[in-house]
Amino acid sequence: MRQQKKPALYSKQANKFLDKLDADAENKVMDAIDKIPDGDISPYRSKKGYFRMRVSDYRILFTWLESEIIFVAVIENRGQAYKKGV
C-alpha cells in the first residue's frame, strides 16, 4: 500500500483508470500527483479552476478543493482526457 503524501480525492473514473494501469504506469501517475504543484501543469481552458498535468502519455485533470486537498477528476490517455473533460 502506498503512502499518500498529500491528501487527494479521486473521482470514480480516475480510480477505475488507475486500476487498469500496470504497476509502473500507476506508480508514475501517483508520484506525479504526490508532487503537485511541481510538474508540467497548466490551466485547463475548458473549465475555470481546473488544471491539467501531463505525465508521459497520460493527462490528469484536477482542482484544489481546499488549499491542501486535491480533487483528481480525470486520468486518461492523452486524446481521451480532453474529450471526456470535467
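What follows draws every value from the coordinates through simple rules; no lab data is involved. Computed from a predicted structure; not experimentally measured. Positions of Cβ are backbone-derived with ideal geometry, glycine not excepted, and every protein chain shown enters the neighbour counts.
Couple of notes before you dig in:
- CD proxy at 222 nm, helix term only [per DSSP H run n ≥ 4: -39500 (n - 2.57); per residue of the chain; nearest 500]: -9500 deg cm²/dmol
- Burial ranking of peptide ranges 60-73, 32-45, 15-28 (average Cβ count within 10 Å, highest at the top): 60-73, 32-45, 15-28
- Each Lys and Arg Cβ is given +1 and each Asp and Glu Cβ -1; about its Cα centre, segment 8-84 then shows a dipole of about 620 debye.
- At full extension, K47 and Y82 could sit 11.5 nm farther apart than now, given 0.36 nm per residue minus the alpha carbon distance.
- At full extension, L9 and D31 could sit 6.4 nm farther apart than now, given 0.36 nm per residue minus the alpha carbon distance.
- Cross-link pairs exceeding 22 Å in C-alpha to C-alpha distance, out of K47/K83; K48/K83; K35/K83; K12/K83, comprise K35/K83.
- L21 versus S67: modelled label distance in nm, points set 7 Å from Cα along the beta carbon direction: 2.9 nm
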